[in-house]
Amino acid sequence: MSKIPKNLSDKDMFKDYVEDTSIEDRFRAAEKKAEKKKQESLEAPADFLRSGFTPQLTEELARALLQLKMELYREDVKNYTFQIKRDGEKIVLIPKYKK
């Protein structure tokens, strides 16, 4: 066992010490990463921005499509595509069933 040096400053005592990352540090890093990813996902794609969609409208559209998909799944419809029709000022998405 080596002798402990005396009269060292705090800086000298911790000179070669490397602190391991704690679980708390890992959780903080994961939260920051998730927050950054969420902000990136909230931004509307460039094509939507050019056609006048704001990030809020994009999110509302995604939410409505998800609700429609869930309803179709509950009705046991799993193979479908969407047909887009324009009726005057309205744009309508109609699920088109595949066999």
Probe 1.4 Å, all chains present, heavy atoms only: GLU75 accessible area in Å², nearest 10, is 120 Å²
If R0 = 35 Å, then GLU19 and GLN39, at their Cβ-Cβ distance, give a FRET efficiency to the nearest 0.05 of 0.75
For the chain, dividing by residue count, accessible area per residue (probe 1.4 Å) in Å² works out to 102 Å²
Quotient of Cα radius of gyration and Kirkwood radius for the chain, i.e. Rg/Rh, equals 1.42
A 1.4 Å probe over the protein heavy atoms gives region 19-95 a carbon and sulfur accessible-area percentage of 53 percent
Between the Cα axis of helix 23-42 and the main Cα principal axis of the chain, the angle (0 to 90°, nearest 10) is 30 degrees
With every protein chain kept in place and a 1.4 Å probe, the residues VAL77, VAL18 fall, from largest accessible area down, as VAL18, VAL77
With the charge dipole of region 19-95 built from beta-carbon charges (+1 for Lys and Arg, -1 for Asp and Glu) about the Cα centre, the Cα from PRO55, GLN39, PHE27 projecting farthest to the positive end belongs to PRO55
Mean Cβ-within-10 Å packing, highest first, puts peptides 24-34, 54-64 in the order 54-64, 24-34
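The values are calculated or read from the model by the stated rules, or taken from the named source; none is laboratory data. These figures come from a predicted structure and were not determined experimentally. Positions of Cβ are backbone-derived with ideal geometry, glycine not excepted, and every protein chain shown enters the neighbour counts. The area values use the complete protein model at the heavy-atom level, side chains included, leaving out ligands, DNA and RNA. Shrake-Rupley method; radii C 1.70, N 1.55, O 1.52, S 1.80 Å.
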